[in-house]
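Presented below is the structure to which this report refers.
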Amino acid sequence: MTIAPAKPATSSVNPLRQGLRQERMPEPCTMVICGATGDLTLRKLGPAIYNLALGGHLPPEFTVVGFARRPMSSEEFHAHLRAGIDQFSRNRPVSESVWSAFTAGIEYQQGNLDDPEAYAALARRLDRIDRDRGTAGNRLFYLAVQPSLTPEVVSHLGAAGLAGSSVRASGRQGWTRVVVEKPFGFDEQSALTLNRQIREVFDEEQIYRIDHYLGKETVQNLAVFRFGNGLFEPIWNRRYIDSVQITVAETVGLEGRGEFYDQTGALRDIVQNHVLQLLAVFAMEPPVEFSANDLRDEKLKVLRAVRPMSADEITHNTVRGQYISGWVAGEKVGAYRDEPEVAPDSETETYVALKLGIDSWRWAGVPFYIRTGKALSARVTEIAVQFRRAPLALFGRAGAPGIDANVLAIRVQPDEGILLRFGAKVPGPGLNIRGVNMDFRYGSSFAVDSPDAYETLLLDCMVGDSTLFTRDDELIRAWEILDPIVASWHTGGGGPLHFYAAGSWGQPAADELLTRDGREWRRP
Amino acid sequence: MSLGPKATPYLEMRGTTVRAVEAELGRLWTAATTRVDRGDGTVVTEKGVPHARTSVLNLIVTVPNEAASDHILETLLSLDVRHPSRAIILQADPSAPGDALDARIRTHCHDGENGAGRVCFEQLALTVRGEAARHLNGIVAPLVIHDLPTDVWWPGDPPFNDPVFTQLVEMGDRLVVNSADFGDLLGGLKRLGVIRRRSGVGDIAWERLAPWQELTAQFFDAPRFRRYLPNLSRLRIKYAAGNTTQGGTRSPEAAALLYAGWIATRLAWRRARSRGGVANGGMGMILEGRYEMVDIGIEPVTTDDAPPGELLSVRLRAFGEAGSAEFIIDRPATEATIVTNADGMTALLRRIPLEPESEAEVLRRQLVLDQRDPLYEDALRAAAILLAAAQEAAA
């Protein structure tokens, strides 16, 4: 008798791994969290790593080293992580049996991030981990530090010999990657400087600039929706699409980020990264392959095609606002200028509305309306596509009122999904037509939980897939788009700073941006 | 039977018709306002609030009696948000007197997290008697939600030769069974091997192997150990055979055979012959590996510490340049010890929690799948060959 033969295995492939659910198992590696005692680790990184371990996505040798200034034992670091997981993880509370195995691979290295000796000690610890736990010299440095510290930390990593993919003390050549959080500079010049500083130590292939929006299921599904279905791509152009609205609305205020936010504002904090990345994925041409560089090449082409605005156009096509006191979700919210660490005469925008154009064959003439703000009436991120109306008002002759244009809304958060709005006849005599929704929701259509964006992105980074990370040229181009707007605002151009009540949908000036074009904002 | 906090009480319909059941199911979602007392002082409103029925799949389950029906309903409730959109539990008895059709309907809702709306599921338990029980497809077909995948879960020992089995399997996109419950394991494995559905066949016994497969694969993720794979020469598998107090699993060796079949097909082992036949659930086979003859041993262990059919131990041995190597997973109870003894060194890699999973946990993973599993299909075919070889020698 003969057993069904499998394809001959090559030595580079584990034949027992092929076909298993966990086909993307990272190589054994150590993840070093620089600034491990901060909020990001507590809220995002700790829960993400735990959920990856819980789901069996991490190799047994996987090790975490928390690296921060605060004196703390490894056991205290475990307790710190556990507190975050118990509070913020999508799987909580912590499973005791998983926890004990999970913490066996988690250590803490105390050290000042500006002290070269701390990095030397870290290097020794990492070499010891390579030997003891078989992590084979593979290292992932996650910079969960204040943005201003990034260049210094990177420089110290390089000086300590921790940055290169060189032969380790363990004798094996491993990979080294570094994850950098936003903001990636505060304008084009500072971004170029930051890039140069990081590139003095790491190669571009080693740098993973994380924008957690790109790790969200719906954003990834946008590419599948467009290029995996025969139905939508043929109408994804100026011939059928009237306009596009991108909304990133938050109900929260500053949440303790007053100092940072007052120097940054909504345009830099949200539009420069999240919104322009959403825009690029939405509007890009089909890549040759769904690979990191092909995808990023196509996104870059979109950003390059975003039409630069003259000073007059900035005045005409941008609106900035700042919230004053109001009520959000039944709770009183103070004015922005009364927030801690915010200047009492601050001119920083907490709301932005923009009208952008993309000068490409596909999108010429289609306005992209963008709005983002804090302390708004609802928390929602979505891309809404308004299609052109039917060419003939056929039913108007029969007495029916005008039919709303079709809308396709891609909901990124919360309640991830896609909604198509179209007209349907109201049952009964006569010809009444009303808009109805065809609604797909992830939560009700798949019998699986969506991973948190950080889980997706951390795993991608460990397996060396940079598809969902931002490349340096995309980043610089995004600043090139926004820098003239910031400059104009700072020199008194671009119209006044408007004020809006917390809990509203922004100010009327933003409505005017659309109403003068014969359109209006969607109320998501 | 305890209800989940958001399950409505049953709507009982005795001596009813398929059309009436269909109409009642439709009313759940189209009535202007259906107020259902949950029994805890609160009321579920089925229309006019932002919740929706899920759009995942239909699940058809066959059960032999009401007690089994209640057990299945409880299992399904514990699936939480992974619950099928509509579950139809069928209890059919052609020889039973009484009304042709009784129905029990209830809904089960979950509040979405992070602002997501409430989503709801339906459970429909049908008791079919008399001649109608020979034509279950006619009863079930109008009751499934259109344009959703349909899984047929047949717990226990499926009557492969009964026309009703064929009727229901042909209604589904996927058949889910537990080969450990088969009365005739070899016959069952062979029949599964020829069933062709769009989404293939799922097997609870196979699904229980997932953590074992993962741990086994992890040994050879490291290139320095991967080189031992072509030289594997021995595989020993121990499984829980149960004891006199544990019943219900007729073929506890199923998972062990599927595991052996999986390894054999992944490593392209060939030509099975028996080594000692079958005795008390144990068996031995010899196969041709790439460079070595491979000695496979499957051994039952009487134990109270694991449910019948669960794997207890896997040991792989190979010869390499630095001598022999052994890769061991031992799971005597709820914790596994993973050991690599290779390159002249013994290393206790780690201990990890590995508790036997509940039926609901395993089913939950099965219901997520919507496509054929070539790995399982290969392992199934190989397991049948291994078992046939062992049984032939015994005969």
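Every read-out reported here was derived from the displayed coordinates using simple, explicitly stated rules and does not represent laboratory data. The shown structure was predicted, so the numbers you read here are calculated from the model rather than taken from an experiment. Methodologically, a virtual Cβ is constructed for each residue, glycine included, from the backbone with ideal geometry; neighbour enumeration extends over all protein chains shown.
Would you mind ranking A:R21, A:R471 so that the residue whose beta carbon has the fewest other beta carbons within 10 Å leads the list?
Values: A:R21 16, A:R471 19.
Ascending Cβ contact count within 10 Å gives the list A:R21, A:R471.
Please arrange B:I263, B:I338 by counting, for each residue, the other beta carbons lying within 10 Å of its beta carbon, fewest first. Numbers along the way, then the final one.
Working: B:I263 26, B:I338 22.
In order of increasing Cβ crowding within 10 Å: B:I338, B:I263.
Between B:R134 and B:E74, what is 0.36 nm times their sequence separation minus the Cα-Cα distance? Round to one decimal in nm.
Values: separation 60, 0.36 × 60 = 21.60 nm, distance 2.66 nm.
The B:R134-B:E74 span can extend by a further 18.9 nm.
Provide the per-residue ³J(HN,Hα) series for segment A:485-492, in order, calculated from phi with Karplus coefficients 6.51, -1.76, 1.60 and θ = phi - 60°, each as a whole number of Hz, with x at glycine and proline positions.
5, 4, 4, 5, 4, 5, 9, x
Note the full-extension length gain between A:V426 and A:V224 as 0.36 nm times their separation in residues minus their Cα-Cα distance, in nm to one decimal. Provide the component values of the computation, followed by the final result.
Numbers: separation 202, 0.36 × 202 = 72.72 nm, distance 3.32 nm.
Stretched out fully, the A:V426 to A:V224 stretch lengthens by 69.4 nm.
Counting only residues 5 or more places away or on other chains, whose amide H sits under 5 Å from the amide H of B:D203 once H atoms are built in the peptide plane?
The answer is B:V177.
Helix A:217-227 sits at what angle to the longest principal axis of chain A, using alpha carbons and giving 0 to 90 degrees rounded to 10?
Computed tilt is about 60 degrees.
Using C-alpha positions alone, give me the convex hull volume of segment B:149-299 per residue in cubic angstrom. All intermediate terms of the calculation are to be shown ahead of the outcome.
Values: hull volume 20.2 nm³, N = 151.
Output value, Cα hull per residue: 134 Å³.
May I ask for the angle, rounded to the nearest 10°, between helix A:74-88 and the longest principal axis of chain A, with both axes built from Cα atoms and the value confined to 0 to 90°?
Between helix and principal axis, roughly 20 degrees.
For segment A:158-249, what is the convex hull (Cα atoms) projected area averaged across all directions, in square nanometres?
Values: hull surface 40.7 nm².
Hull-based average projected area comes out at 10.2 nm².
Would the protein assembly as shown count as rounded, prolate or oblate if I go by the C-alpha gyration tensor, calling it rounded below 1.5 in a/c and otherwise prolate when a/b exceeds b/c, oblate otherwise?
Details: a/c = 2.12, a/b = 1.23, b/c = 1.72.
The shape class here is oblate.
What distance in nm separates the two pseudo spin-label positions at B:E326 and A:E233, each 7 Å out from Cα along the beta-carbon direction?
Roughly 5.6 nm, to one decimal.
Just need the relative contact order of segment A:30-181 here, percent rounded to a whole number, with Cα pairs under 8 Å and 6+ apart. Before the final figure, lay out the partial values.
Working: 243 pairs, mean separation 43.3, N = 152.
Across segment A:30-181, relative contact order equals 28 percent.
Distance between the C-alpha centers of segment B:277-340 and segment A:501-524? Whole Å please.
Segment B:277-340 and segment A:501-524 have Cα centres separated by 68 Å.
Extending each Cα 7 Å along its Cβ direction at B:Q371 and A:A104, get the distance between those two points in nm, one decimal.
Distance between label points: 3.4 nm.
Relative to the longest principal Cα axis of chain B, at what angle does helix B:66-77 sit, 0 to 90 degrees, rounded to 10?
So the helix axis and the longest Cα principal axis differ by about 80 degrees.
Based solely on its DSSP helices, what 222 nm [θ] is calculated for the protein assembly as shown when runs of n ≥ 4 H residues each add -39,500 (n - 2.57) and the sum is averaged over all residues, nearest 500 deg cm²/dmol? Write out the running numbers ahead of the final one.
On the way: 26 runs with 274 residues, N = 919.
After summing the helix terms and dividing by residue count, I get -9000 deg cm²/dmol.
Could you compute the net charge surrounding A:T37? Neighbours are other residues with a C-beta less than 15 Å from the C-beta of A:T37; K and R count +1, D and E count -1. Intermediate values should be presented prior to the final figure.
Working: positive: A:R43, A:K44, A:R69, A:R70, A:R82; negative: A:D39, A:E75, A:E76, A:E107.
Computed value for this residue: +1.
Whole-Hz Karplus ³J(HN,Hα) for segment B:200-210, in order, using 6.51 cos²θ - 1.76 cosθ + 1.60 and θ = phi - 60°, x for Gly and Pro?
x, 10, x, 9, 4, 4, 5, 4, 5, 7, 3
Any chance you could run the full-extension gain for A:S291 through A:K332? It's 0.36 nm times the residue separation minus the Cα-Cα distance, nm to one decimal. Show your work: numbers first, answer last.
Details: separation 41, 0.36 × 41 = 14.76 nm, distance 4.70 nm.
Contour length minus the Cα-Cα distance gives 10.1 nm.
Computed FRET efficiency, Cβ-Cβ of A:S310 and A:F440, R0 45 Å: what is it to the nearest 0.05? Please report the intermediate quantities before stating the final value.
On the way: r = 41 Å, r/R0 = 0.91.
That pair, A:S310 with A:F440, gives E of 0.65.
Just check segment A:30-181 against the gyration tensor rule for me: Cα atoms, a ≥ b ≥ c as the square roots of the eigenvalues, rounded for a/c under 1.5, and otherwise prolate or oblate depending on whether a/b exceeds b/c. If you can, show how the numbers build up before the last one.
Details: a/c = 1.85, a/b = 1.32, b/c = 1.40.
Because a/c hits 1.5 or more and a/b fails to exceed b/c, segment A:30-181 counts as oblate.
Roughly speaking, what is the centre-to-centre gap between segment A:417-457 and segment A:246-316 when only Cα atoms are used, to the nearest Å?
26 Å
In µm²/s, what is D for segment B:64-195 at 37 °C and 0.692 mPa s, where D = kT/(6 pi eta Rh) by Stokes-Einstein and Rh is the Kirkwood radius from Cα pairs?
On the way: Rh = 16.2 Å.
Translational diffusion coefficient: 203 µm²/s.
Which residues make up the longest stretch of chain A that has no GluC sites (Glu not before Pro) in a DSSP loop with at most 16 other Cβ atoms within 10 Å? Write out the running numbers ahead of the final one.
Values: sites that count: A:E23, A:E200, A:E255, A:E289, A:E341, A:E347, A:E520.
Excluding the exposed sites themselves, the longest stretch runs over A:24-199.
Round to the nearest 0.05 the FRET efficiency obtained for A:R362 and A:R196 when R0 = 45 Å and r is the Cβ-Cβ distance.
Plugging the Cβ-Cβ distance into 1/(1 + (r/R0)^6) gives 0.85.
Please work out the Kirkwood hydrodynamic radius for segment B:210-394, using every pair of different C-alpha atoms, and report it in angstroms with one decimal place.
Working: mean 1/r = 0.0586 Å⁻¹.
Here the Kirkwood hydrodynamic radius works out to 17.1 Å.
Spin-label point model (7 Å from Cα, Cβ direction): what's the B:E361 to A:T515 distance in nm?
Taking the two extended label points, one gets 5.9 nm.
Considering Cα pairs under 8 angstrom that are at least six residues apart, work out the relative contact order of chain B and quote it in whole percent. Write out the running numbers ahead of the final one.
On the way: 847 pairs, mean separation 55.3, N = 395.
Relative contact order for chain B comes out at 14 percent.
Could you please report the charge total around B:R129, scoring K, R as +1 and D, E as -1 over all other residues with beta-carbon less than 10 angstrom from its beta-carbon? Present the calculation step by step, with values, prior to reporting the outcome.
Working: positive: none; negative: B:D93, B:D99, B:D102, B:E131.
Overall, the nearby charge balance is -4.
Would you report the distance distribution of C-alpha pairs in chain A as whole percents per 10 angstrom bin, up to the bin with the largest distance?
3, 16, 26, 25, 17, 8, 3, 1, 0
Applying 1/(1 + (r/R0)^6) with R0 = 41 Å to the Cβ-Cβ distance of B:I195 and A:D404, what FRET efficiency is obtained, to the nearest 0.05?
Using R0 = 41 Å, I get an efficiency of 0.25.
Relative contact order of segment B:210-394, please, whole-number percent, based on alpha carbon pairs below 8 angstrom and at least 6 residues apart.
Details: 377 pairs, mean separation 50.3, N = 185.
Normalised by residue count, the contact order of segment B:210-394 is 27 percent.
Neighbouring Cβ atoms within 10 Å as the yardstick, rank A:V385, B:V301, B:V56 fewest first. Present the calculation step by step, with values, prior to reporting the outcome.
Numbers: A:V385 22, B:V301 18, B:V56 25.
If I rank by nearby Cβ atoms, fewest first, I get B:V301, A:V385, B:V56.
Take peptide B:257-266, look around each residue's Cβ out to 10 angstrom, count Cβ atoms belonging to other protein chains, and average those counts.
On the way: counts 0, 0, 0, 1, 2, 3, 3, 4, 6, 10.
Mean inter-chain Cβ contacts per residue within 10 Å come to 3.
Taking the alpha-carbon centroid of each part, what is the distance from segment B:128-150 to segment A:321-386 in angstrom?
That distance is 53 Å.
Classify chain B from the C-alpha gyration tensor, please: rounded if a/c falls under 1.5, else prolate or oblate depending on whether a/b exceeds b/c.
On the way: a/c = 2.54, a/b = 1.84, b/c = 1.38.
It comes out prolate by the Cα gyration axes.
Provide the net charge surrounding B:P94, with neighbours chosen by a C-beta distance below 12 Å and charges set as Lys +1, Arg +1, Asp -1, Glu -1. Present the calculation step by step, with values, prior to reporting the outcome.
Numbers: positive: B:R129, B:R134; negative: B:D93, B:E131, B:D162.
Neighbourhood net charge equals -1.
If the label point is 7 Å along Cα→Cβ of A:R21, which residues in segment B:356-395 have backbone nitrogen under 17 Å from it?
Within reach of a label on A:R21, which here means backbone N under 17 Å from a point 7 Å along Cα→Cβ, segment B:356-395 contributes B:356-377.
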